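Structure record follows, encoded as structure tokens.
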Amino acid sequence: MACAYSSILPKFDASLAKKHPMRRRLVAGNWKMNKGYREARALFDYLNDTARDMPAEVDVMIAPPALYLSSFAKESTKKIEVGAQDVSQRREAEGAYTGEISASILNSAGVHYAIVGHSERRSYHGEDDELIREKIRACIDAGLAPVYCCGEQLEDRDSDRHFDVVRKQLDTALKDFTALELQKLIVAYEPVWAIGTGKTASPGQAQEMHAYIRKVIGERFDTDFAAAVRILYGGSCKPGNAAEIFSGEDVDGGLIGGASLKGEDFVAIIKAGL
Ligand code: PEP
């Protein structure tokens, strides 16, 4: 199927477009600032109880409010991994930084992923790709897998600048790293206009941007590394559209906001990840 933007896509190495055998699918749930303790516990228990029905081929991660990370990480089945929604950019393991949680402290509590650069952190907390690069660095130093979020605003897409915007985000955030350092990197393509809006990128738009992100990473590092990086889609993913979006050759799963707050919906999306 021809994509609307394919004519302006730079040349793409078709060999990269094949699903890489090393790329396991990942479905991650970003709970954001939701769920008091009882509700959070109920959802966590539901996911643990349902873990045996989840496909073995799909990795699962949840990012609950920070307060619950440590106990959830301890009690989680092997199937459900726990990640932070954010992390301090400080590279020190400890220090006088009130309110911050270092990557090292997360790791010590059994938390092995951290979302960095979510669009809500960018818009409500003024985070930019320079700062986000420091957060990625802090994750790498502490052995955490950074889930790096990038994506364009609606006006960028409407004016056909979405590829340039995402390239610039990647260029800034991934500057000065080596491929070896970024072995645990996960990228989440989250078009801002699709987050929490009910508007989803079409499967073609998602695949097209994922292929482009892989190409940019391939140019910056090397194509073998790029072929192994997992790239998730995020933006109003639901049980009804997940399978189609995930079918894109460069789409390795999803970062799920609203639909991860309902156990049945989240499990349905995990199953769509197969
Ligand atoms: C998100 O916030 O990362 C997200 C994808 O949210 P939603 O699924 O609600 O659009």
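I need the full set of residues from segment 213-240 which are surrounded by fewer than 18 Cβ atoms within 10 Å (Cβ to Cβ), more than 16 Å from the ligand (Cβ to nearest atom) and within 27 Å of residue 197 (Cβ to Cβ), in order please.
Across segment 213-240, there are no qualifying residues.
Give the number of residues within segment 194-204 that are more than 9 Å from the ligand (Cβ to nearest atom) and either hydroxyl-bearing (Ser, Thr, Tyr) or surrounded by 21 or more Cβ atoms within 10 Å (Cβ to Cβ) (or both).
So the answer is 2.
Scan segment 177-226 residue by residue and report those that are without any contact (Cβ under 8 Å) to a residue 24 or more places away in the chain and either under 17 Å from residue 22 (Cα atoms) or part of a strand (DSSP E or B) (or both).
180, 183, 224 - these are the residues of segment 177-226 that are without any contact (Cβ under 8 Å) to a residue 24 or more places away in the chain and either under 17 Å from residue 22 (Cα atoms) or part of a strand (DSSP E or B) (or both).
Consider residue 113 carefully, then state whether it is over 20 Å from residue 229 (Cβ atoms) and among the hydroxyl-bearing types (Ser, Thr, Tyr).
Answer is no for this residue.
For segment 120-138, does any single residue satisfy the condition of being within 23 Å of residue 265 (Cβ to Cβ) and either in a helix (DSSP H, G or I) or touching a Cys at 6+ places or on another chain (Cβ under 7 Å) (or both)?
Yes, some residue in segment 120-138 is within 23 Å of residue 265 (Cβ to Cβ) and either in a helix (DSSP H, G or I) or touching a Cys at 6+ places or on another chain (Cβ under 7 Å) (or both).
Pick from segment 155-193 the residues that are among the charged types (D, E, K, R) and buried (at least 21 other Cβ atoms within 10 Å of the Cβ): which of them is farthest from the ligand (Cβ to nearest atom)?
157
Does segment 105-152 hold any residues that are in contact with a helix residue (DSSP H, G or I) (Cβ under 9 Å, 6 or more places away or on another chain), within 16 Å of the ligand (Cβ to nearest atom) and among the acidic types (Asp, Glu), and which are they?
Once the filter is applied, which keeps residues that are in contact with a helix residue (DSSP H, G or I) (Cβ under 9 Å, 6 or more places away or on another chain), within 16 Å of the ligand (Cβ to nearest atom) and among the acidic types (Asp, Glu), segment 105-152 yields 127, 152.
Each value in this text was obtained by applying a stated rule to the coordinates, not by laboratory testing. Nothing here was measured: the structure is a model prediction, and the numbers come from that model. For neighbour counting, all protein chains shown are included, and Cβ atoms are generated from backbone atoms with ideal geometry for every residue, glycine included.
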